[in-house]
1. Only one of B:ARG22, B:ARG17 is surrounded by fewer than 19 Cβ atoms within 10 Å (Cβ to Cβ) and without any contact (Cβ under 8 Å) to a residue 24 or more places away in the chain. Can you tell me which?
2. Tally time: how many residues in segment A:150-168 are of a type in the set (Gly, Ala, Ser) and in a loop (DSSP other than H, G, I, E, B)?
3. So which of A:SER129, A:SER142 is more than 19 Å from A:PRO56 (Cβ to Cβ) and either facing chain B (nearest Cβ under 9 Å) or free of Cβ contacts under 8 Å to residues at least 12 places away in the same chain (or both)?
4. Please pick out the residue among B:THR146, B:THR129 that is exposed (fewer than 13 other Cβ atoms within 10 Å of the Cβ), of a type in the set (Val, Ile, Thr) and without any contact (Cβ under 8 Å) to a residue 40 or more places away in the chain.
5. Considering only segment B:25-41, state which residues are under 17 Å from B:ILE9 (Cβ atoms), free of Cβ contacts under 8 Å to residues at least 60 places away in the same chain and not aliphatic (A, V, I, L, M).
6. Among A:GLU143, A:GLU147, which is the only one that is under 28 Å from B:ASP40 (Cα atoms) and under 17 Å from the mean Cα position of the chain (by Cα)?
7. Only residues that are facing chain A (nearest Cβ under 10 Å), of a type outside the set (Ser, Thr, Tyr) and buried (at least 18 other Cβ atoms within 10 Å of the Cβ): list them for segment B:56-86, please.
8. Exactly one condition in (1) closer than 30 Å to B:ARG60 by Cβ; (2) within 10 Å of another protein chain (Cβ to nearest Cβ) is not met by A:THR54; state its number.
Amino acid sequence: MTRIAYRRPEEMTEQARELTSARGNLNVYRVLANAEKVFTGWMLAGRAILTSQTVPVRLRELVVLRTAYLMDCPYELGQHRDVARTAGVSSDEINAVTSESDWQEAHFDAVELALLRLTTELLTTRNVSAKVFEQVHAALGSEATVEVLMVISRYSGLALMLNALDVDLDETARLPIPPVRS
Amino acid sequence: MSRIPLTSIEQQPEPVREWMARRGNLNVFRLLANAPQVFDGWTQMVDELFDSPTFSRRMREVVILRVAHLQGSRYELGQHVGIARNTGLTDQQINAILDTDHLDAAGFSRTERTALDVVTELCSTHRLTEDSFATAHAVFGDEALTELLMIVSCYYGLALVLNAADLDVDAAARFQTLTGDAT
């Protein structure tokens, strides 16, 4: 059960309320809004990642799911299994990336496999081998590579917060992709 | 050597150049500016984290240094050891945070020690036991505990980006934690 109280919309600044509403009023946002002096900036950083079209949504969601699995974060897994499906990731693929090693045998293309390798190495060893890094960089270029790293950064850090606060998965509400314009 | 070319500051749009002039012309910013679609939002987050009055500068650096150490981030340590010293942490305390001296003998306040314990458990196990959470919650309360987690989250994730890119520590430029008049 969520370990601290949710902030109600009327307790948020107008900007924080709008950002939260555009992302489905999820439990994650209502909990983190407790950090009211830094919540808006954190939400803006997240909106940028969710609305950027530099990295295709399917690739992004594969990386998010792999991150959520390796960080052992039930909340992120609960949300993004459904988000990934709407981004064109099949149920079999979702099961593969959220398992220890099945993803290596699944039918992902070379770029997807390189990204999954990078994510796995980085989250298990805190580093990436030069070879794997170069595969991703050569395939995606500098801009998308940095964005992918920022996605891993965001969701690994978020996983720590969600696990620390033991945030309950929303019953039915799911993150709208892209966020709803308010 | 950074595995991704660093952007040139001169080629950044005016608001980015101004932000870097304020916070420091650092390699980390030149690296992340490769992704302009997400860079601006990230800088707003950083500004709020460092402008917030919730924690003392010293307390914030205790948390950041511990995360940087546990994540093995040469770059974050390269920047923040000096900043931590400027906020009043002693060499013994810094060494204790970096596990080369004893935490118990370093003279941390109870609040600082609680923060260090939370960061250590969270970064190494990815969660907090009921007891650890209850202790931290009693010390910090809802708002400050959540904000502490935001700092951990930012530096934990950033360390992964910096390690992956194998970013070089800046020769001399340092992150400006205070901006405006108070430099």
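The numbers here are math on the coordinates, done by the rules we state, and not lab data. From a predicted model like this one, the values you see are computed outputs, not experimental measurements. Methodologically, a virtual Cβ is constructed for each residue, glycine included, from the backbone with ideal geometry; neighbour enumeration extends over all protein chains shown.
1. Numbers: B:ARG22 fails: without any contact (Cβ under 8 Å) to a residue 24 or more places away in the chain.
Within the list B:ARG22, B:ARG17, the selection yields B:ARG17.
2. To start, the set of residues in segment A:150-168 that are of a type in the set (Gly, Ala, Ser) comprises A:153, A:156-157, A:159, A:164.
Still in the running and in a loop (DSSP other than H, G, I, E, B): none.
The qualifying residues number 0.
3. On the way: A:SER142 fails: more than 19 Å from A:PRO56 (Cβ to Cβ).
Sole residue among the options that is more than 19 Å from A:PRO56 (Cβ to Cβ) and either facing chain B (nearest Cβ under 9 Å) or free of Cβ contacts under 8 Å to residues at least 12 places away in the same chain (or both): A:SER129.
4. Details: B:THR146 fails: exposed (fewer than 13 other Cβ atoms within 10 Å of the Cβ).
After applying the criteria, what remains is B:THR129.
5. Applying the first criterion (under 17 Å from B:ILE9 (Cβ atoms)) to segment B:25-41 yields B:25-36, B:39-40.
Checking which are free of Cβ contacts under 8 Å to residues at least 60 places away in the same chain leaves us with B:29-30, B:33-36, B:39-40.
The answer is B:PHE29, B:ARG30, B:ASN34, B:PRO36, B:PHE39, B:ASP40.
6. The unique qualifying residue is A:GLU147.
7. In the first step, residues of segment B:56-86 are kept if they are facing chain A (nearest Cβ under 10 Å); the result is B:67, B:70-73.
Then drop every residue that is not of a type outside the set (Ser, Thr, Tyr), which leaves B:67, B:70-72.
Scanning segment B:56-86 gives B:VAL67, B:LEU70, B:GLN71.
8. (1)
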